[in-house]
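The values are calculated or read from the model by the stated rules, or taken from the named source; none is laboratory data. Quick caveat, the model's predicted, so the values are computed rather than measured. Cβ sites come from the backbone with ideal geometry, for glycine too, and all protein chains shown count toward neighbours.
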Amino acid sequence: MPHSTHQALADERNESVEIFINGEFFARHEARVSVFDSGFLVGDGIWEGLRLHHGRFAFLDRHLDRLFAGAATIDLDIGLNRDEVAEALYATVRHNDMHDDVHARLMITRGDKKTPSQHPSNVVGGPNMVIIAEHKAADPAVTEAGITLFTTTVRRPPPDTLDQRLNCHSKLHEVIALIQAVKAGADEALMLDPTGAVATCNATNFFVVREGGVWTSTGHYNLNGITRQLVLEVAPLAGLTAHQKPFSLTDVYSAEEAFVTGTFGGLTPVVEIDGRTIGNGRPGPITARLQELYRAAVEADVAGD
């Protein structure tokens, strides 16, 4: 059975969670957007995934920075300022009486269109904003066992095709990569960039531990992940040098450890790639130390330090 970095413990409370849609709340089974929504029609939208810890969204400012940068990139007027977006997020968790181990998906599309079309001029009214907050505790079995990866034939496109630093709704290439990896017997996909260097995974950012440091890609072909950036920031506290550089699968297969990063799972160990055992085939001590430092960074942020 494949593991997933987004694998969560079952929680029956999610059946009664209400969904935020454009300032109103709807029962889960009644939450709807139009079939003319820009996101549904052509993937025209941006999103953020956030974690609620002790009643506060971790690294909210960084998430809002990325959200509004994405909106500027696709020329989307969200119609709200930063404080108003933050209030919508907090209104959603207050409405659902949520406090901890919560994952919120904030999605903003260009809005409904009068006819199926790419052209923004066909938008009727303003953007659509949806917030789905769920009780989601990461399954500890995934972190304890680690995951396996398969290098897919699907490449990450260059910035002049679809900039991978943009957290947009257009994710089909990542879905295809994941399907290929799962059919090959792995948990998730490792993806290369157009030059053949290692880029990222289908839904997370990728790191290896080598030569007293952590290596990750240049960042030109992957989402500018917030957890990724935090690992680069805390690595020196573990006595590690942090590198953003091009490297190949040869460097990956002989790595001491490997892990992936994401808002939901934090740091998840990787124990096998393309049938090659990484390290001793178990989560490694450096990954464990970085997990501790990341958790400390989360606690400091939600405490306001």
Verdict on Thr151 being among the hydroxyl-bearing types (Ser, Thr, Tyr), touching a Leu at 6+ places or on another chain (Cβ under 7 Å) and modelled with pLDDT of 95 or more: yes
Given (1) touching a Phe, Trp or Tyr at 6+ places or on another chain (Cβ under 7 Å); (2) surrounded by fewer than 20 Cβ atoms within 10 Å (Cβ to Cβ); (3) not charged (D, E, K, R), number of the condition Gly185 does not satisfy: (1)
From the options Asp61, Asp75, residue that is more than 16 Å from Ile131 (Cβ to Cβ), assigned to a helix (DSSP H, G or I) and over 14 Å from the mean Cα position of the chain (by Cα): Asp61
Options Val231, Val209; residue that is more than 30 Å from Ile74 (Cα to Cα), crowded, with 20+ Cβ neighbours inside 10 Å and touching a helix residue (DSSP H, G or I) at 6+ places or on another chain (Cβ under 8 Å): Val209
Close pairs (7 angstrom Cβ cut-off, 6 or more residues apart or separate chains): closer than 13 Å to Ser254 by Cα in the range 273-287, of a type in the set (D, E, K, R) and not in a strand (DSSP E or B) anywhere: Gly279/Glu256
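Looking at Val154, Val175, which one is assigned to a loop (DSSP other than H, G, I, E, B) and without any contact (Cβ under 8 Å) to a residue 40 or more places away in the chain? Steps first, please.
Values: Val175 fails: assigned to a loop (DSSP other than H, G, I, E, B).
Unique residue meeting the criteria: Val154.
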Given (1) more than 18 Å from Leu249 (Cα to Cα); (2) touching a strand residue (DSSP E or B) at 6+ places or on another chain (Cβ under 8 Å), index of the condition Ser170 fails: (2)
Which numbered condition Ala288 misses (of (1) at pLDDT 95 or above; (2) of a type outside the set (D, E, K, R); (3) within 25 Å of Asp65 (Cα to Cα)): (3)
Residue count, the range 36-58 (criterion: within 15 Å of Gln164 (Cα to Cα), surrounded by 21 or more Cβ atoms within 10 Å (Cβ to Cβ) and under 14 Å from the mean Cα position of the chain (by Cα)): 2
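One line per residue, one yes/no per condition, for (1) assigned by TED's automatic domain parsing to the domain that holds Asn22; (2) over 16 Å from the mean Cα position of the chain (by Cα); (3) among the polar types (S, T, N, Q); (4) over 28 Å from Val260 (Cα atoms):
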residue	(1), (2), (3), (4)
His103	yes, no, no, no
Pro116	yes, yes, no, yes
Pro120	yes, yes, no, yes
Asn128	yes, yes, yes, yes
Thr152	no, yes, yes, no
Pro158	no, yes, no, no
Asp163	no, no, no, no
Cys168	no, no, no, no
Val182	no, yes, no, no
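Please find, among Ile132, Ile147, the residue that is of a type in the set (A, V, I, L, M, F, W, C), under 28 Å from Val35 (Cβ atoms) and buried (at least 16 other Cβ atoms within 10 Å of the Cβ).
On the way: Ile147 fails: under 28 Å from Val35 (Cβ atoms).
Testing whether each residue is of a type in the set (A, V, I, L, M, F, W, C), under 28 Å from Val35 (Cβ atoms) and buried (at least 16 other Cβ atoms within 10 Å of the Cβ) leaves just Ile132.
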Filter result (under 21 Å from the mean Cα position of the chain (by Cα) and in a loop (DSSP other than H, G, I, E, B)) within the range 12-35: none
Within the range 212-244, considering residues that are assigned to a strand (DSSP E or B) and not small (Gly, Ala, Ser), the one nearest to Gly262 (Cα to Cα): Thr216
Enumeration of residues in the range 201-230 that are at positive phi and within 18 Å of the chain's Cα centre (by Cα): Gly219
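Quick grid of which residues meet (1) more than 21 Å from Leu9 (Cα to Cα); (2) touching a Gly at 6+ places or on another chain (Cβ under 9 Å); (3) part of a strand (DSSP E or B):
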site: Phe40; (1), (2), (3): yes, no, no
site: Ile46; (1), (2), (3): yes, yes, yes
site: Ala69; (1), (2), (3): yes, no, no
site: Leu80; (1), (2), (3): yes, no, no
site: Ala86; (1), (2), (3): yes, no, no
site: Leu89; (1), (2), (3): yes, no, no
site: Thr115; (1), (2), (3): yes, no, no
site: Gln118; (1), (2), (3): yes, no, no
site: Val142; (1), (2), (3): no, yes, no
Residues located in the range 25-61, provided they are of a type outside the set (A, V, I, L, M, F, W, C) and over 29 Å from Ile226 (Cα atoms): His29, Glu30, Arg32, Ser34
